[in-house]
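Working notes for the structure below.
The values are calculated or read from the model by the stated rules, or taken from the named source; none is laboratory data. Worth saying up front: this structure is predicted, and the values here are computed from it rather than measured. Because the Cβ atoms are built from the backbone with ideal geometry, glycine has one as well, and the counts that use them run over all protein chains shown.
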Amino acid sequence: MKTTVKNIKTTRFGELDVSPEDIIAMPEGIIGFSNVNEYIILDFYSGIDTALRWFQAIDCPELAFVLIDPYTFRPDYKVNITDEEIDFLKVTSPDAIRAMTIVSIPNDPSKMTANLLGPVLINPENRLAIQVVLNDTEYTSSHYILPQE
């Protein structure tokens with residue numbers, strides 16, 4: 001039986017009941033938000049399956065990032081995971097790590113971009129995550145998600 005943490009307040013979703021088993025710990029936080037260390041992944045649209053997800057901060061009601069699995073629009077995306085990152089996430093193989101990227105959605109959603117340079121690496125087994133900055137790569141922080149004409 002799951003115990004729930006009641007009254008997680010968010011500005012976008014109101015109050016949520018959050019199970020401790022669903023909380024993702026980010027000891028180092030997201031770049032620029034190092035003091036925010038716990039998140040939950042939520043559906044972008046309730047009940048509708050999309051590639052986008054919300055990464056809602058537990059203790060900061062107004063902070064939520066949009067995430068996407070980069071392989072949905074860049075099947076050739078490569079993340080070279082270091083031994084230090086493998087140790088940090090406590091996995092035995094890089095294959096166990098789930099990579100997500102932060103999305104920026106401008107006024108024209110057809111121009112939304114993903115930060116392929118700074119993916120969020122998640123160990124789904126222990127719900128531990130870290131954001132990394134890739135070195136020696138052609139990726140940038142602003143890759144279009146949808147095809148551009």
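What number goes with the only condition from (1) within 27 Å of E149 (Cβ to Cβ); (2) crowded, with 19+ Cβ neighbours inside 10 Å; (3) of a type in the set (V, I, T) that T50 does not pass?
Exception for T50: condition (2).
Sort through N123, N115 and tell me the only one that's touching a helix residue (DSSP H, G or I) at 6+ places or on another chain (Cβ under 7 Å) and of a type in the set (S, T, N, Q).
N123 is the lone residue from the list that is touching a helix residue (DSSP H, G or I) at 6+ places or on another chain (Cβ under 7 Å) and of a type in the set (S, T, N, Q).
Does at least one position in the stretch 34-43 carry a residue that is at pLDDT below 90 and more than 17 Å from I145 (Cα to Cα)?
Scanning the stretch 34-43 turns up at least one residue that is at pLDDT below 90 and more than 17 Å from I145 (Cα to Cα).
Output the residues belonging to the stretch 114-139 that are within 14 Å of the chain's Cα centre (by Cα) and within 25 Å of E149 (Cα to Cα).
Correct list: A114, N115, L116, L117.
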